[in-house]
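What follows is a set of notes on a single structure, which appears directly below.
The values are calculated or read from the model by the stated rules, or taken from the named source; none is laboratory data. Computed from a predicted structure; not experimentally measured. Heads up, the Cβs are rebuilt from the backbone with ideal geometry, glycines too, and the neighbour counts pull from every protein chain shown. For the accessible areas, the whole protein counts, side chains as well, though only heavy atoms, and no ligand, DNA or RNA atoms are used. Shrake-Rupley method; radii C 1.70, N 1.55, O 1.52, S 1.80 Å.
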Amino acid sequence: MSYRTQAGVYRVDITAPAGISMSGYFARAGVSEGYGRPLTATAVVLAGGGRKVAILGCDVIAFTTFDDGIRAAIAASIGTTVDSVLINTSHTHCGPTLTDYSWEPEDQKQIQRACLANLKRLLTGCAVSADRRLQPARLGTANGSSHIGINRREFDPESGKVILGENPNGPMDPTVGVIRIDDLGGR
């Protein structure tokens, strides 16, 4: 029996070295001193019907223009197109700063640039490793829900402005789309 869909998955450790500034909380003083558990990136490559797509999930706060360069590197490395590479971030506030902020000292910017170069190499290698593990697979989809999110547009009566806060009565979509990928043995 021939299966048209193939899938491969791979995960790598992308933890930045101690000494890099941390993202998310700009009021945080100092730089990272270590970590409690590693940050990871996971790549899933799906192939079938003459197409190949890569989906990567990364424990970083966000990417900026770096995203286009890494998507192009991944696409070229696994033989697909840039529009077939999707990179998602977990938006962790416990990861490295990956943007050249103007207020950062030059030594910190150099550490961040080195971290980004290494991250590009790690993410490309992760996708290549997932691609090399392609095997027949079954795919399924469903929808679930999660109510941990909240609308962040809060009205501040003192200033008369909308601020970044918590608005439990504001719109929030709790829908979570789920993709299940099983090998032919049901794993």
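Listed values, structure above:
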{"read-out": "Residues of segment 16-31 that turn out to be open to solvent by 40 Å² or more (accessible area, probe 1.4 Å) and either assigned to a loop (DSSP other than H, G, I, E, B) or at pLDDT 90 or above (or both), as a count", "value": "9"}
{"read-out": "Candidate set from segment 128-151 (those that are assigned to a strand (DSSP E or B) and either of a type in the set (Gly, Ala, Ser) or out of contact with any strand residue (DSSP E or B) (no Cβ under 7 Å at 6 or more places or on another chain) (or both)); member that is most open to solvent (accessible area, probe 1.4 Å)", "value": "145"}
{"read-out": "Residues of segment 170-184 that turn out to be within 9 Å of residue 150 (Cα to Cα), surrounded by 11 or more Cβ atoms within 10 Å (Cβ to Cβ) and over 24 Å from the mean Cα position of the chain (by Cα), as a count", "value": "1"}
{"read-out": "Test: residue in segment 119-127 that is closer than 21 Å to residue 48 by Cβ and open to solvent by less than 100 Å² (accessible area, probe 1.4 Å)", "value": "yes"}
{"read-out": "Number of the exception - residue 187 against (1) surrounded by fewer than 10 Cβ atoms within 10 Å (Cβ to Cβ); (2) more than 17 Å from residue 8 (Cα to Cα)", "value": "(2)"}
{"read-out": "Lone qualifier among 87, 74, 70 - being open to solvent by less than 70 Å² (accessible area, probe 1.4 Å), closer than 18 Å to residue 42 by Cα and in contact with a Cys (Cβ under 7 Å, 6 or more places away or on another chain)", "value": "87"}
{"read-out": "All positions within segment 96-109 that are without any contact (Cβ under 8 Å) to a residue 12 or more places away in the chain and not hydrophobic (A, V, I, L, M, F, W, C)", "value": "101, 102, 105, 106, 107, 109"}
{"read-out": "Subset of segment 98-127 (residues that are outside any helix (DSSP H, G or I) and either touching an Asp or Glu at 6+ places or on another chain (Cβ under 9 Å) or not hydroxyl-bearing (Ser, Thr, Tyr) (or both))", "value": "98, 100, 103, 104, 105"}
{"read-out": "Any chance residue 159 is polar (S, T, N, Q) and under 26 Å from residue 53 (Cα atoms)", "value": "no"}
{"read-out": "Matching residues, segment 1-31, being charged (D, E, K, R) and in contact (Cβ under 8 Å) with a residue 24 or more places away in the chain", "value": "4, 11, 13"}
{"read-out": "Search result, residues across segment 78-105 that are modelled with pLDDT of 90 or more, more than 14 Å from the chain's Cα centre (by Cα) and not aliphatic (A, V, I, L, M)", "value": "79, 80, 81, 83, 84"}
{"read-out": "Complete set of residues in segment 157-187 that are closer than 30 Å to residue 45 by Cα and in a loop (DSSP other than H, G, I, E, B)", "value": "173, 174, 184, 185, 186, 187"}
{"read-out": "Boolean, residue 50 is surrounded by fewer than 20 Cβ atoms within 10 Å (Cβ to Cβ) and closer than 27 Å to residue 164 by Cα", "value": "no"}
{"read-out": "Residue under evaluation residue 154, criteria (1) part of a strand (DSSP E or B); (2) in contact (Cβ under 8 Å) with a residue 24 or more places away in the chain, criterion not met", "value": "(2)"}
